[in-house]
1. How many percent of the accessible area of the stretch A:563-614 is carbon or sulfur, using a 1.4 Å probe?
2. Could you work out how much longer the chain between A:Glu172 and A:Glu160 gets when fully extended? Use 0.36 nm per residue separation minus the Cα distance between them, nm to one decimal.
3. When only Cα pairs under 8 Å and 6 or more residues apart are kept, what is the percent relative contact order across chain A?
4. For the stretch A:529-572, state which trypsin sites (Lys or Arg not before Pro) are in a DSSP loop and have at most 14 other beta carbons lying within 10 Å of their beta carbon.
5. List the lysines whose alpha-carbon lies under 18 Å from that of A:Lys187, not counting same-chain residues fewer than 8 positions away?
6. Could you compute how fast the stretch A:129-194 diffuses translationally, taking Rh as the Kirkwood radius over C-alpha pairs and applying Stokes-Einstein at 25 °C with viscosity 0.890 mPa s? Give it in µm² per second.
7. Would you mind computing Rg(Cα) / (2.2 N^0.38 Å) for the stretch A:1-86, counting N as its residues?
8. With all distinct Cα pairs included, what does the Kirkwood hydrodynamic radius of the stretch A:456-500 come out to in Å, to one decimal, could you say?
Amino acid sequence: MEERYNPREIEAKWQADWEQAHLFQVEDDPARPKYYLLEMFPYPSGKIHMGHVRNYTIGDVVARYKRMQGHNVLHPMGWDAFGMPAENAAIANNSHPAKWTYENIDTMRAQLKRLGFSYDWDREIATCRPDYYRWEQWLFLKMYEKGMAYRKESFVNWCEPCQTVLANEQVEAGMCWRCGKPVAQKKLQQWFFRITDYAQDLLTHCDQLPGWPEKVTTMQKNWIGRSKGAQIEFPVDGSDKVIPVFTTRHDTVYGATFMCLAPEHPLVPELAMGTGQEEAVDEFIQRISRQERTTKAIEDYEKEGVFTGAYCRNPMNGRRMPVYTANFALMEYGTGAVMSVPAHDQRDFDFAKKYGLEIVVVINPEDEALDADAMTEAYTQDGVMAHSAPFDGLPNRQAMEKIADLLEEKKIGRRAVSYRLRDWGISRQRYWGAPIPVVHCPDCGIVPVPEKDLPIVLPEDADLLEGGRSPLPGLESFRKTRCPECGSAAARRETDTMDTFVESSWYFERYCSPHCDTAMFDRKAVKYWMPVDQYIGGVEHAILHLLYSRYFTRVLNDIDLVDFKEPFTRLLTQGMVCKESVTCPEHGFLFPEQVEEGEGGDRCALCAKPISVGRVEKMSKSKRNVVDPNILLDQYGADTTRLFCLFAAPPERDLEWSDQGVEGSARFLNRVWRLVYNWFGQIADAAPYKGSPDKLEGDLRELYKKTHQVIEKVTRDIEDRFHFNTAISAVMELVNLAYNIKLPVKGPDAEGVLRHAAESAVLLLSPIVPHFAEEIWHLLGHQESILLSPWPRHREDALVKDEVTVVVQVNGKLRNRFVVALDTDEQALKQMAVEDEKVGKFIDGKTIRKVIVVPNKLVNIVV
RNA sequence: GCGAGAGUGGCGGAAUUGGUAGACGCACUGGACUUAGGAUCCAGCUCUGGCGACAGAGUGGGAGUUCAAGUCUCCCCUCUCGCACCA
């Protein structure tokens, strides 16, 4: 055995060995309990970053642990390979998205292998390959057939810089989630998935996902955004049209004095026609559609609107209500129309004040009658009904029910539920995505591509156009086709591609049978492996990806391909990897190598100005605080990198990177190595002691007991909550104790006990630092891989403590402590405490009023 | 504004059901071994007072429940994240 540990050598050696022995390949085996462990697959953006390293290390430890516990573990990896960065990079480098993507995949795969992750690489998938997206196209056809996919003209979120449509989920506070530029509204023919059909089901099951962080289910619930209320129809004056309105406050309907329609509402131009307001309305609509929709801009917007010239009737009391179009009415919510009740809604109140509209109080506080003219703000709380004909005097919550009954009885409305969730727009005017498999025929209209013609292959030889526009509409070889229905040569292929989130909504099912070429997946394989037992990834996907995946699983369930609805049983959202950033007043963010040590503090290497240490933030290129995993691998190796990622913080929390912390992790591994090295002569040929602790005494007995305690602790930490940081701490304690044992140890079982301690420590560490553990395992004479060893088990009788420390408190304050035999009886403890000299100082001359004894823990004397 | 989570030494972080606050590590200090050490080992390390034994204070702030509160209850403050003109 070498005195020093050489990561470079052993890591390469064992990686090659594992690969050759196909140790991570799995097969369906109904005889064994399955465990499907999945980490969110990466976008092949170039190279692995620390966030990936952390995510995949956490997953790998669980996978390796579960294998040792006897599970048949599916642990796959693949590439979310379609998407815009590939196009942008291709334009920038005068390359091709496919080339760029495949090269990145090669680079990143090599990096993942260098980190020693235990993936079944035979199951690797890349979503940009036709054998993958062909099944997505197949599913699209099924969904079209069932009416789950449809096409409609609608206002869509349009990102000008990206030249594409965005889903609502991809608009963050009015900005494009990718480029951060403002998103405009544009009217286009688009494909949609009817996710809103599942709004209630998705919402209901949010409360039936005990293995998910509450934070995530809460976010999903908010996103789905269910509101209970009523839909009420307001007839338009002098016309047979009605304006349906959704409201959560139908108790205030008698106070509705005007109506506001969204600027995009189809009735707006119609109502304005012939009223003389056409021009004003048109001008307003034009102006509003250009308004920025950023968070800040929205806050600053004044509520404004313009009279359409039309009136409608309040169906409850016949009041004539002017119809406005207003910037705060959103076409995307409810029916795009708001019944305005200025007395009881702040927004309506502001609007009414601005335009001199009538305010009618219909709810009063318990003990006063509001005066509409004197109000300075809307009264939005509960109270007693007024000016509401038959309901006056009733508490408003009661009236709400009665009004709903009346609406339904008179057939002018009904109880209704509204969701914030919109249908999922999946059309993208981009090149690097899966083609939507339909044909537009001048005679037959939209014709789905027949199944036998799949896949519709994305031509990988197309050149990108200026500004990133898709070449597909101009690519005759792709676009030109015959109508599958009538054979017309005038037919044209759909040139939109699908949102990349479609690919990631079912990849976990594909992993179950990645080479299946007769279906999306082999149903037996999916039945065996799915659902995913543990899913691990970043919170940034809490809404988009996770909601879409839940939706897709429901679709698959409805078309009878799977027999479950929820794809992920347990979810772990790991925190970000962060680091301090450093800024120079002149040069902005600095790289670490641009910092010079100087007298009185660090200085900028470029201008010698004193620098300031910034906040600890997520690693990012722009902050110049990234740590390149490659450098760590070169310097410390995979095991130290993995160890530090797990030790520095529990997985769900943000991890603050510390170069010295990495150093400490490397030091620990060396310490373990040296321990085995020091003991080697004694334990090389010994068999681990597995007997009762009662035959041992002294240091050996202590070490043996500690070993079992640590086995128990590590197992619990991993099993219950993935707290690897405390698991590692526990092994450190064991190692520290082992170092205190003076060599050579004498006694019949000495070698066996040392061997047991060393082997246990190595086994417990093996999921975390697999190469390191494997090397020691073999040095200790094992022939078979440590990966095939069962997880160590503790002995109950070794957890029993010989003696315990009992503390003595006086009035709850700690005064002394003594070590006594386990299970010393209460009377004896009490007596020892009261007679204790140190304790005496605090109770002398006082009356003892009560003594509380907690066996094996403490005595509290109340005086 | 609404919703969720978090506040513990110089730092990252530990503390089963309320029962020894600060495990483990980093940094720092002292010592040992050394030609040397940025290797390794040993010791110290919450704050205040004291040479010391020891005493007092201490888990964002304030109240409360309890023999006993980091942990439970109420109020307040700060930070992070998510949603946000949602009718």
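1. Working: 1460 of 2870 Å².
Looking at the stretch A:563-614 in its full context, I get 51 percent from C and S.
2. Between A:Glu172 and A:Glu160, full extension yields 2.8 nm more.
3. 13 percent
4. Within the stretch A:529-572, no trypsin sites (Lys or Arg not before Pro) qualify (loop, at most 14 other Cβ atoms within 10 Å).
5. Qualifying lysines at Cα under 18 Å: A:Lys152.
6. 185 µm²/s
7. With N residues counted in the stretch A:1-86, Rg over 2.2 N^0.38 Å equals 1.35.
8. Values: mean 1/r = 0.0854 Å⁻¹.
Evaluated on the stretch A:456-500, it is 11.7 Å.
The values are calculated or read from the model by the stated rules, or taken from the named source; none is laboratory data. Every value quoted in this text rests on a predicted model; they were computed, and no experiment measured them. Using ideal geometry, Cβ is built from the backbone for each residue, glycine included, and neighbour counts are taken over all protein chains shown. Side chains included, ligands, DNA and RNA excluded: accessible areas come from the protein's heavy atoms. Shrake-Rupley method; radii C 1.70, N 1.55, O 1.52, S 1.80 Å.
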